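The values are calculated or read from the model by the stated rules, or taken from the named source; none is laboratory data. Since the structure is predicted, the reported quantities are computational estimates derived from the model, not experimental observations. Here the Cβ positions follow ideal geometry from the backbone for every residue, glycine too, while neighbour counts run over all protein chains shown. SASA here: full protein model, heavy atoms, side chains in, ligands and nucleic acids out. Shrake-Rupley method; radii C 1.70, N 1.55, O 1.52, S 1.80 Å.
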Amino acid sequence: GAGVSQSPSNKVTEKGKDVELRCDPISGHTALYWYRQRLGQGLEFLIYFQGNSAPDKSGLPSDRFSAERTGESVSTLTIQRTQQEDSAVYLCASSYGQGTYYGYTFGSGTRLTVV
Amino acid sequence: SQQGEEDPQALSIQEGENATMNCSYKTSINNLQWYRQNSGRGLVHLILIRSNEREKHSGRLRVTLDTSKKSSSLLITASRAADTASYFCAFSGANSKLTFGKGITLSVRP
């Protein structure tokens, strides 16, 4: 597609429920990144994919968080047993090639609210 | 922390004035990038400067990089109300991800 697409754009869920967030990167972008942004804060790195593998999962906050990527395209971020502190905007970005020699293209994010 | 630090945290200027935003970091870097964010949603890539470059221009944007001081600045000339946004610097080191600062809120008064 023309840009990075994320769905849903907004998600309200009850504490304890599982949620799945989806990211469709730009076609041909082999690198994909997930970040989290709490209200008024900077971006917190979660996980990075190069192709279908995840060389860096160091930012996942707990074992409730997991992500996968299939077919070098779509990625899903799953949060199990959501907690109120998980409320944030979850941003996905993709870039051409490995590493950070290229700028990232971000999606519009998924605003997650845990009530 | 490897997180970049931006300065100032907030900046308010009159339309037509120049806006200067600064970023410092602690590690050695491959490149440094600046992004803009409107309304707390997706970020837009503005400009990338490599570690062996000292200055780069793109339209009304000018970015400088001083690797000896581990700092960068973003200058927006002849600012417009539409430039009102949050601006983030981000840098990459030996790993394959960008580390973002906390952002600078720029307000341009018409």
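B:ARG50 sits with roughly 100 Å² accessible to a 1.4 Å probe, with DNA, RNA and ligands left out of the calculation.
Accessible area per residue was computed with a 1.4 Å probe on protein heavy atoms; A:GLU72 scores about 100 Å². To put it simply, the accessible area of the range B:9-110 at a 1.4 Å probe is 45 percent carbon and sulfur. The residues of the range A:24-115 have, on average, 41 Å² of accessible surface per residue, using a 1.4 Å probe with all protein chains present. For A:ILE47, the residues whose modelled amide H falls within less than 5 Å of its own, excluding neighbours fewer than 5 places apart on the same chain, are A:TRP34. Modelled spin-label separation between B:VAL44 and A:SER7, with each label point placed 7 Å from Cα along the Cα-to-Cβ direction: 2.5 nm.
Chains A and B together bury roughly 1700 Å² of accessible area, counting both sides, with a 1.4 Å probe on protein heavy atoms only. Fraction of C-alpha pairs exceeding 24 angstrom in the protein assembly as shown: 44 percent, rounded to a whole number.
Across chain A, C-alpha contacts under 8 Å between residues 6 or more apart give a mean separation that, scaled by the residue count, equals a relative contact order of 37 percent. As a fraction of the 1.4 Å probe accessible area of chain A, surface on carbon and sulfur atoms comes out at 44 percent. Scaled against the 2.2 N^0.38 Å expected of a compact globular protein of N residues, the Cα radius of gyration of chain B reads 1.01. Here's how it looks for A:SER5: its modeled amide H is under 5 Å from those of A:ASP24, which are all 5 or more places away or on a different chain.
Phi angles of the range A:28-38 translate, via the Karplus equation with coefficients 6.51, -1.76, 1.60 and θ = phi - 60°, into HN-Hα couplings of x, 7, 8, 9, 9, 10, 10, 10, 10, 9, 7 Hz per residue; Gly and Pro are given as x. The solvent-accessible area of B:LEU11, taken with every protein chain present and a 1.4 Å probe, is close to 40 Å².
For the range B:43-95, taking Cα atoms only, Rg and Dmax work out to 12.1, 37 Å respectively.
Short version: which residues of the range B:61-110 lose at least 30 Å² of accessible area, all chains versus chain alone, 1.4 Å probe? Buried on complex formation: B:SER96, B:LYS97, B:LEU98, B:PHE100, B:LYS102. Per-residue Karplus couplings for the range A:51-57, computed as 6.51 cos²θ - 1.76 cosθ + 1.60 with θ equal to phi - 60°, are listed in order as x, 9, 9, 10, x, 9, 10 Hz, Gly and Pro entered as x. Averaged per residue, chain B has 47 square angstrom of accessible surface, using a 1.4 angstrom probe with ligands and nucleic acids left out.
Start at zero, step by 10 Å, and the Cα-Cα distances of chain A spread as 15, 51, 29, 5 percent across the bins.
Suppose we compare each residue of the range A:40-81 in its chain alone and in the full protein complex with a 1.4 Å probe; which ones drop by at least 10 Å² of accessible area? For the range A:40-81, once contacts with the other chains are taken into account, A:GLN41, A:GLY42, A:LEU43, A:PHE45, A:TYR48, A:ASP56 lose 10 Å² or more.
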